[in-house]
Amino acid sequence: MEKSIIIVGAGMAGLSAGCYSQMNGYRTQIFEMHTTPGGVCTTWKRRGYKIDGCIHWLTGTKSGTDFFPIWEELGVMQRCSMIEHEEYARIEGKDGKVFIVYCDINRLDQHMKELAPEDKDVIEEFTNGIRKMTHFPIPWEKAPELYSPMDRLRIMRKMLPYMEFWRKWGEITIQDVAQRFKNPFMHEAFPFIFNLENPPDFPIMAVMKTFAWMDQKTASYPAGGSLELARTVEKRYLDLGGEIHYKSRVVKILVENDRAVGVKLADGSEHRSDIVISAADGHTTIFNMLNGKYINGKIRGYYDKLTLFSPLIYVGLGVARSFEEIPHTVTGIDFPFDEPVVIGEKERSRLSVQFYAFDPTLAPAGKTFVRVHFASDYDYWKKLKQGPERYEEEKEQIADKVVALLDRRFPGLAAKVEMRDVATPLTWVRYTGNWRGSFQGWIETTNTLRLRMSQNLPGLKNFYMAGQWVQPGGSLPSVAMSGRNVTQIICKYDKKPFTTTVPN
Ligand SMILES: Cc1cc2nc3c(=O)[nH]c(=O)nc-3n(C[C@H](O)[C@H](O)[C@H](O)COP(=O)(O)OP(=O)(O)OC[C@H]3O[C@@H](n4cnc5c(N)ncnc54)[C@H](O)[C@@H]3O)c2cc1C
């Protein structure tokens, strides 16, 4: 008889684990606390607009590149149309200069040299680094736990040409490269190249890899946005015979004799299965659903020491203008203010804004969904929430300030704003359960570039984890891969060949 699997969470990782488990003859059901699939990969409606809460780019959208087969197996490539941009971002200076981060490497190289001819050497080192990363192999096909000596040898052979490159760049951060520019504008603009309020040790290699994907045109935006993407994978899962129960919060993983045997929901009901996979928040899974019983020093160390992606303040605006004149970019336009402004808990001197005119499904005809997001402090918002009025007031003030700042840079915008929505770090916790509002788990740093986490917990049988809390750096392809990997591990344990299918 086929074995049963319960999956906690219908984010991309849970949906992926569900699809691959169904492909391999397991009987699965997903328990999801929210009313929609996707987890953080989501979109919500406000006054005729759709606020896209997630995706800038989906890696693996070009045939023949890493991750592409996963998106084919999950039915994404067959159903979603992809949008390419020529520009990754625009970074503006106070003096009117603009650094256009082109997706095409040659164009980027030429443009950077035009802006800063005196920095020819550092620019060439950087763009050659991107070129080199174009062929950097990502071993996505198989769970590392299942590598045979031959697999290891094959991977080592593929990595060999990168050893010297890794030695040279592995410890280098965005800030290190920025410091090397003599040109004052590039020196100031380069740290914003990745549109993240990065920790000081964010590795330049991760930037190079992303820009290599951009150049290869394998990191596109799926038209329709994040929820449409999640719904596509949800459909694939349902077509494969899976079941999803929404509004079903899991509060406990049921364990008997150190074996996971099912889950208990917030409504008190208990559901049994042969195997449990948690694709929900890692901290809640380990410390609440399992009471911290199955842990070792290594796992505790992740939660005590690794740096989280900072949670976000997310301002969505519906603007009754087409913004045809604004160039389309992957992540947006980053612009400075004349004077720093206190927004939320701290003083800020720049904002990054994205105009979604390239995706008309997000706004009524002739209008545009516009988004600004920036990192914020979880504890600040938690404290504010103790006085609910202050919390709401702060959200209003943030919207006022953001609209005023945008209006200064894009005159006339404020008068056309007809929808405002502010999500805070607590919004992410409420709707997705992610620990301290982190939207993508642990951020990659120079120290975690090579870190691989186990998808098991010590001492607990028939239990696995998938998603952004077992893959530092998160992201859609890596969590979809972790759902695939976990199924491979289960198949191996059950002595079954792992198989995949591709829908029409
Ligand atoms: C603003 C933003 C921009 C991003 N941009 C990109 C991008 O451009 N490209 C990219 O590749 N990635 C991007 N990401 C990251 C990517 O979306 C995430 O890494 C990925 O979607 C995480 O998927 P997951 O399934 O691991 O986790 P989640 O999406 O967090 O899913 C976990 C699911 O578990 C559910 N859950 C939690 N607790 C329980 C419980 N107790 N019971 C039942 N269900 C529960 C949650 O409701 C949720 O549905 C972005 C994320 C954000 C927020």
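Looking at the stretch 413-425 only, could you name the residues that are open to solvent by less than 10 Å² (accessible area, probe 1.4 Å) and not hydroxyl-bearing (Ser, Thr, Tyr)?
Matches in the stretch 413-425: 413, 419, 423, 425.
Which of the residues belonging to the stretch 8-44 are of a type in the set (S, T, N, Q) and assigned to a strand (DSSP E or B)?
Across the stretch 8-44, the qualifying residues are 28, 29, 43.
Only residues that are open to solvent by 10 Å² or more (accessible area, probe 1.4 Å) and touching a Gly at 6+ places or on another chain (Cβ under 9 Å): list them for the stretch 479-496, please.
479, 496
Kindly evaluate residue 428 against the criterion of being among the aromatic types (Phe, Trp, Tyr), within 16 Å of the ligand (Cβ to nearest atom), surrounded by 17 or more Cβ atoms within 10 Å (Cβ to Cβ) and closer than 30 Å to residue 172 by Cβ.
In short, no.
In the set 122, 101, which member is under 24 Å from residue 330 (Cβ atoms), of a type in the set (Val, Ile, Thr) and assigned to a helix (DSSP H, G or I)?
Sole residue among the options that is under 24 Å from residue 330 (Cβ atoms), of a type in the set (Val, Ile, Thr) and assigned to a helix (DSSP H, G or I): 122.
Could you list, in sequence order, the residues of the stretch 45-60 that are open to solvent by less than 40 Å² (accessible area, probe 1.4 Å) and not in a loop (DSSP other than H, G, I, E, B)?
49, 51, 52, 58, 59
Tell me which residues, restricted to the stretch 398-416, are out of contact with any strand residue (DSSP E or B) (no Cβ under 8 Å at 6 or more places or on another chain) and over 18 Å from residue 334 (Cβ atoms).
400, 411, 412, 414, 415
On the given criteria, is residue 113 assigned to a helix (DSSP H, G or I), open to solvent by less than 60 Å² (accessible area, probe 1.4 Å) and away from the ligand (no atom under 16 Å from the Cβ)?
Considered against the rule, which asks whether it is assigned to a helix (DSSP H, G or I), open to solvent by less than 60 Å² (accessible area, probe 1.4 Å) and away from the ligand (no atom under 16 Å from the Cβ), residue 113 comes out as yes.
To keep it simple, each residue is scored yes or no on (1) over 24 Å from residue 250 (Cβ atoms); (2) within 11 Å of the ligand (Cβ to nearest atom); (3) not in a loop (DSSP other than H, G, I, E, B).
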position: 436; (1), (2), (3): no, no, yes
position: 440; (1), (2), (3): no, yes, no
position: 464; (1), (2), (3): no, no, yes
position: 470; (1), (2), (3): no, yes, no
position: 474; (1), (2), (3): no, yes, no
position: 478; (1), (2), (3): no, yes, yes
position: 490; (1), (2), (3): no, no, yes
position: 498; (1), (2), (3): yes, no, no
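Considering the stretch 127-169 alone, what residues qualify as being assigned to a loop (DSSP other than H, G, I, E, B), over 29 Å from residue 17 (Cβ atoms) and in contact with an Asp or Glu (Cβ under 9 Å, 6 or more places away or on another chain)?
134
Under the condition of being surrounded by 18 or more Cβ atoms within 10 Å (Cβ to Cβ) and of a type in the set (Ser, Thr, Tyr), which residue from the stretch 227-284 is nearest to residue 58 (Cα to Cα)?
232
I'd like to check which helices (runs of 4 or more DSSP H) are fully inside the stretch 177-257 and have at least 2 residues that are in contact (Cβ under 8 Å) with a residue 60 or more places away in the chain, within 16 Å of the ligand (Cβ to nearest atom) and over 24 Å from residue 40 (Cβ atoms).
Result: 204-216.
For the stretch 288-322, how many residues are open to solvent by less than 50 Å² (accessible area, probe 1.4 Å) and not hydroxyl-bearing (Ser, Thr, Tyr)?
Number of matching residues: 18.
The values are calculated or read from the model by the stated rules, or taken from the named source; none is laboratory data. This is a predicted model, so every value here is computed, not measured. Because the Cβ atoms are built from the backbone with ideal geometry, glycine has one as well, and the counts that use them run over all protein chains shown. For the accessible areas, the whole protein counts, side chains as well, though only heavy atoms, and no ligand, DNA or RNA atoms are used. Shrake-Rupley method; radii C 1.70, N 1.55, O 1.52, S 1.80 Å.
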